[in-house]
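Taking it in order: structure first as structure tokens, then the write-up.
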Amino acid sequence: METNLPAMNGEISKKAIIVEDNLILSLLYENYLKEMVFKTVGEIKSGEKAVELVKKYTPDVVIMDIMLDGKMDGVEAATEIRKFSMAPIVFITANTDPAHLKRAEQIENSKFLRKPISEDKLKKAVNYLLSKPKV
């Protein structure tokens with residue numbers, strides 16, 4: 001489902017994909033991104049669907065929970081996405097297991113945030129990744 005959000009002040013919206021199995025958090029992140037002038041594809045709950053939709057929509061940024069519905073977690077999905085896209089990925093998780101952090105750190109062009117997150121933290125992470133030189 002694509003949500004077309006209007007560009008503000010004549011700015012062109014960027015595209016974002018949110019991959020989160022918690023609907024309330026997904027809507028929260030969507031609101032944060034709306035404030036940052038992003039169009040979003042909503043209600044993606046599995047890593048498998050994330051890979052499919054990143055390929056289809058070529059987003060400017062991906063917001064990715066690590067623990068997801070389905071067989072593929074967020075890090076596995078990001079690994080698959082890296083085979084065809086270098087879109088920045090912001091991992092967001094409540095899981096504090098060091099093994100998850102280590103796996104996420106292996107993904108190029110990504111940041112890792114621990115839940116709960118604020119709009120400011122997400123904005124800083126997204127802006128940091130989008131401002132990095134493209135390789």
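The values are calculated or read from the model by the stated rules, or taken from the named source; none is laboratory data. Quick caveat, the model's predicted, so the values are computed rather than measured. When we count neighbours, we look across all protein chains shown, and the Cβ atoms used for this are built from the backbone with ideal geometry, even at glycine. Each accessible area value is taken on the protein alone, full model and side chains, heavy atoms only, with ligands, DNA and RNA left out. Shrake-Rupley method; radii C 1.70, N 1.55, O 1.52, S 1.80 Å.
For this structure, a couple of remarks:
- Members of region 94-125 found to be of a type outside the set (S, T, N, Q), within 17 Å of LEU33 (Cβ to Cβ) and not in a loop (DSSP other than H, G, I, E, B), listed by number: LYS111, LEU113, GLU119, ASP120, LYS121, LEU122, LYS123, LYS124, ALA125
- Qualifying residue in region 91-102 (condition: within 20 Å of GLU119 (Cβ to Cβ), over 12 Å from the mean Cα position of the chain (by Cα) and of a type outside the set (Phe, Trp, Tyr)): yes
- Of all residues making up region 66-86, the number that are open to solvent by 10 Å² or more (accessible area, probe 1.4 Å), touching an Asp or Glu at 6+ places or on another chain (Cβ under 7 Å) and under 21 Å from ARG114 (Cα atoms): 4
- VAL51 touching a Pro at 6+ places or on another chain (Cβ under 9 Å) and at pLDDT 95 or above: no
- Region 30-65, subset part of a loop (DSSP other than H, G, I, E, B) and of a type in the set (Val, Ile, Thr), residue least open to solvent (accessible area, probe 1.4 Å): VAL37
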